[in-house]
Amino acid sequence: MDRVGDLTLFLRVLDLGSITAAARSLDLSVAVASQRLKRLESELGVRLLHRTTRRLHPTPEGAALAEQGRVLVEELESLGSSLRQAASEVAGTLRVTASASFGRQYISPLLPGFLARHPRLRVSLDLDDRVTDLVGAGFDLAIRIGTLDDSTLVSRELATNRRVLCASPEYLARHGMPGTPDALAEHDCVLLTGRHGRQDVWRLTDPSGGPVDVRVRGRFDSNFGEALRDAALAGLGIAMHSVWHVHHDLAEHRLVEVLPDWPVPATGIHAVMPDRRLVPPRVRAFADYLAGHFRDPPWEGAGRTLRTGPQLPPSH
């Protein structure tokens, strides 16, 4: 039963003075309007209207209903208007989650500019290397790096995630530069751990384009990219890193690329959103903003200078 609709009809009768006029204004037949008014009176158990020679007037009970009911109807109309406005403009609260390192380096610096464009928007940024259930945690959008698992989420690739093997010049001076993927088995490697366990099998691409899988070992692993970078810089071994994370280190030769002729397959950097029939404007606007910014990734270029680093002898 449409109680709010019946209440709106009752208020319209009082405003216009007749059931006929109220029915016409709401695109109802007079018979339907009369039936709905009778239903409202029956539900409430009171008479709401009485007729004079020219006009319908509220009974005392009808006047009380009109006084309190009008506030309710106006508040509902205001809420509906606000929701319709929010559905057509960038407003409300945008909840974003991203990996800690990438979010700190590349997402956080973009937020002041995005907020300046949209003064009616609030942003809540969660930085966490764990993969979060977007729907369950109430996030609008996630920035995810790597191969995406199959899911009901919708993804948009923002940039290529180019990866390299790298190590400090000091480590390579002590242990030599690997000449082939098989030589990695004789080296210390710093390893990423995550939801799929310890990632100790590295996939490379041979010069002819085929995949090569190599099992590596090492004395240090972590689920946090910054810790792996620190370990590589400190000379603890060879690491697999995204170029976005270490491009300054590569450009300034604090890290040196290992096996450049056997590249690591690239993955992607994605904006991931719940599968919604209607994507809120705030989510669409932010995904567009990120895509525009990462069309020319700020980390590319610097990472390609690493082959000019120090020449080191190959290990045997």
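Considering (1) touching a Pro at 6+ places or on another chain (Cβ under 8 Å); (2) surrounded by 16 or more Cβ atoms within 10 Å (Cβ to Cβ); (3) closer than 26 Å to Gln105 by Cβ, the lone condition that Arg162 does not fulfil carries the number (1). In the condition set (1) farther than 18 Å from Leu278 by Cα; (2) in contact with a Ser or Thr (Cβ under 6 Å, 6 or more places away or on another chain), Arg95 is compliant with all but (1).
Within segment 99-141, the set of residues being within 18 Å of His245 (Cα to Cα) and hydrophobic (A, V, I, L, M, F, W, C) comprises Ala100, Phe102, Ile107, Leu110, Leu127.
Each row is one residue, and each column tells you yes or no for (1) surrounded by fewer than 14 Cβ atoms within 10 Å (Cβ to Cβ); (2) touching a strand residue (DSSP E or B) at 6+ places or on another chain (Cβ under 9 Å); (3) assigned by TED's automatic domain parsing to the domain that holds His253.
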{"residue": "Leu153", "(1), (2), (3)": "no, yes, no"}
{"residue": "Leu172", "(1), (2), (3)": "no, yes, yes"}
{"residue": "Gly176", "(1), (2), (3)": "no, yes, yes"}
{"residue": "Asp182", "(1), (2), (3)": "yes, yes, yes"}
{"residue": "His187", "(1), (2), (3)": "no, yes, yes"}
{"residue": "Val190", "(1), (2), (3)": "no, yes, yes"}
{"residue": "Val201", "(1), (2), (3)": "yes, yes, yes"}
{"residue": "Gly218", "(1), (2), (3)": "no, yes, yes"}
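Table: residues versus (1) assigned by TED's automatic domain parsing to the domain that holds Ala63; (2) over 21 Å from Leu76 (Cα atoms); (3) modelled with pLDDT of 90 or more; (4) not in a helix (DSSP H, G or I).
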{"position": "Leu11", "(1), (2), (3), (4)": "yes, no, no, no"}
{"position": "Leu14", "(1), (2), (3), (4)": "yes, no, no, no"}
{"position": "Ala31", "(1), (2), (3), (4)": "yes, yes, yes, no"}
{"position": "Gln35", "(1), (2), (3), (4)": "yes, yes, yes, no"}
{"position": "Lys38", "(1), (2), (3), (4)": "yes, yes, yes, no"}
{"position": "Arg47", "(1), (2), (3), (4)": "yes, yes, yes, yes"}
{"position": "His50", "(1), (2), (3), (4)": "yes, yes, no, yes"}
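Where helices (runs of 4 or more DSSP H) fall wholly inside segment 208-316, the ranges with 2 or more residues that are at pLDDT 95 or above and either more than 20 Å from the chain's Cα centre (by Cα) or more than 28 Å from Pro119 (Cα to Cα) (or both) are 225-233, 243-251. Scanning segment 265-277 for residues that are surrounded by fewer than 21 Cβ atoms within 10 Å (Cβ to Cβ) and under 16 Å from Ala159 (Cα atoms) yields a total of 5. Does Pro263 count as touching a residue at least 24 places away in the same chain (Cβ under 8 Å), under 21 Å from Leu172 (Cβ atoms) and not hydrophobic (A, V, I, L, M, F, W, C)? Against the criterion (touching a residue at least 24 places away in the same chain (Cβ under 8 Å), under 21 Å from Leu172 (Cβ atoms) and not hydrophobic (A, V, I, L, M, F, W, C)), Pro263 qualifies. Of the set (1) within 30 Å of Ile238 (Cα to Cα); (2) at pLDDT 95 or above, all apply to Ile145 but (2).
Residues of segment 15-74 that are surrounded by fewer than 16 Cβ atoms within 10 Å (Cβ to Cβ) and of a type in the set (Lys, Arg): Arg24, Lys38, Arg39, Arg47, Arg51, Arg54, Arg55.
Within segment 112-129, no residue that is not assigned by TED's automatic domain parsing to the domain that holds Tyr289 sits with its Cβ atom under 7 Å from a residue that is surrounded by 12 or more Cβ atoms within 10 Å (Cβ to Cβ) at 6+ positions apart or across chains.
The values are calculated or read from the model by the stated rules, or taken from the named source; none is laboratory data. The shown structure was predicted, so the numbers you read here are calculated from the model rather than taken from an experiment. Virtual Cβ from ideal backbone geometry, glycine too; neighbours counted across all protein chains shown.
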